[in-house]
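One structure is given below, encoded as structure tokens.
The values are calculated or read from the model by the stated rules, or taken from the named source; none is laboratory data. No experiment lies behind these values; they were computed from the predicted model shown. Here the Cβ positions follow ideal geometry from the backbone for every residue, glycine too, while neighbour counts run over all protein chains shown.
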């Protein structure tokens, strides 16, 4: 049969392009906790692309991805689980890469296929029973869905506005993933019935596409989600939500931020930037900047330097006179002149003069 595109396959090809676009956007956003979702979207884009090749019979001309969908299926669960661990601020163990062993093992048939078409080997493609074992794929995805549900149940913290937002967001993600699993299972169930045709196949894939790209849409809206600008309207029907909800969230975020600053002292890092601190506290750069501006009335640099100056004051009270020479670097300033200027603006004297005042007290 001559390869050709129809309306459905054209729509799915557009969805593939959208997925690749979302992948690039998320990977270049600078928010590392979104990287697992970026690769999840990439995985489903590649699956959908292979389906398009199959439906249009272009896979006969370009068979390079025929063995690839199981690689992606086995990666979906670990990727989403990794995202949830980041969402709940768990420490990611060094051995987490072991979760991807099934996916990596199933890369072997694809690599052998590529080598065959490159004329490098003539060996037969191995592990075909594993590639075609769709119930193993279902069991694998269901297992990770259960792990994620247990994680959500463990962190069902609804006493704060942030906890409510995060819980609703988690429920959206896992619901979409379970819809995808249901769609995948339904295909292998319905294919055994006489009424099954290509239109059913397309509709199931459409459900998969909608689930995954809805995740992508919400991820791109994540700064608004955690600013309270989206979920406040979608999920949380509270009075005066345009004001009280946002104010409540900002108070919680600022309290978390100030506690982190006091305990961890990230300001002593001379290379600290807005993006670094945002990554450490688990906020987007947009949200962190908004919290600092709204609650402290300062920009990022002024906010951080305030902590550095307080630290310098404490050190001046406890250290020797010789220590004054290097104190600017130890509290996080890169430049001595900048430190002296900021210190004088706050205390109306130089560090040496401040030390002398302490001696006279």
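Taken over the stretch 317-334, residues that are assigned to a helix (DSSP H, G or I) and modelled with pLDDT of 85 or more amount to 4. The set of residues in the stretch 118-134 that are free of Cβ contacts under 8 Å to residues at least 40 places away in the same chain, outside any loop (DSSP other than H, G, I, E, B) and in contact with a helix residue (DSSP H, G or I) (Cβ under 9 Å, 6 or more places away or on another chain) contains only 128. Is at least one residue of the stretch 290-311 in a helix (DSSP H, G or I), more than 19 Å from residue 264 (Cα to Cα), touching a residue at least 60 places away in the same chain (Cβ under 8 Å) and outside the structural domain of residue 29 (by TED's automatic domain parsing)? Scanning the stretch 290-311, I find at least one residue that is in a helix (DSSP H, G or I), more than 19 Å from residue 264 (Cα to Cα), touching a residue at least 60 places away in the same chain (Cβ under 8 Å) and outside the structural domain of residue 29 (by TED's automatic domain parsing), so the answer is yes. For the stretch 24-58, the set of residues classified as without any contact (Cβ under 8 Å) to a residue 24 or more places away in the chain, within 22 Å of residue 83 (Cα to Cα) and surrounded by fewer than 20 Cβ atoms within 10 Å (Cβ to Cβ) consists of 24, 27, 28, 29, 35, listed by residue number.
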